[in-house]
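For reference, the structure discussed in these notes is given below.
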Amino acid sequence: MTEWVLAAVPAYGPWLVGLVTFLSCLALPVPASIVMLVAGGFAAAGDMALWQVALAAFGGAVLGDQTGFWAARAGGAPLIAQIAPDGPRAAAIAQARAWLVAKGLLAVFLTRWLVSPLGPYANFITGAAHYPWVPFTAAGAAGEAVWVGIYVGAGYALGGNLEAATALAGSVLGLLAAGTVALGLGWWLLRLARREGGA
């Protein structure tokens, strides 16, 4: 399927990019990150407009997030049980739930790009748990912007060299992850210092 999708990118352009990111945000096994890398490469070659590729990827991802959120809000716990009765999906649901319990809406942001396999399941859980829609949407859209920026940007920067673009995207993800950890640690140390100063 991956080969067919990649061959279809130049034929269907941004429409396919948007469809693939939409489906990936509903936990369907499609190669969204690779499609964005390839589309970014086509944009670098002048075969597609970069803004159209980025907008399609972002729009598809946000629409997918919203679809999962609202479907789970309507379907509740029974829908979650149908999505992941057991096996790997149940494990992903449990892991996404643990992230949400530990980090709240920060987990929504992080599961768009840092641990993206958990993203669709975080959408379902937040919807079923009736998380507030506006904060969910803001955190999700910010995270999707990072995800799209990394992969479309890497494909564009390296002109379609898929292997190099994948390596660059991985490096950028690593740097962003390290920065996120450093900011979190700094925030925790600051709170600890204030608490001890007030004691």
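Observations on the model:
- Local charge for Gly140 was computed over the other residues whose Cβ lies under 9 Å away, with Lys and Arg +1 and Asp and Glu -1, and equals -1.
- Sorted ascending by nearby beta carbons within 10 Å, beginning with the fewest, Thr126, Thr137 become Thr137, Thr126.
- The relative contact order of the range 1-154, computed from alpha carbon pairs under 8 Å that lie at least 6 residues apart in sequence, is 28 percent.
- The residues packed around Leu23, meaning those with a beta-carbon under 15 Å from its beta-carbon, carry a net charge of -2 if Lys and Arg are +1 and Asp and Glu are -1.
Read the figures in this text as sums done on the coordinates, not as results from a lab. The shown structure was predicted, so the numbers you read here are calculated from the model rather than taken from an experiment. When we count neighbours, we look across all protein chains shown, and the Cβ atoms used for this are built from the backbone with ideal geometry, even at glycine.
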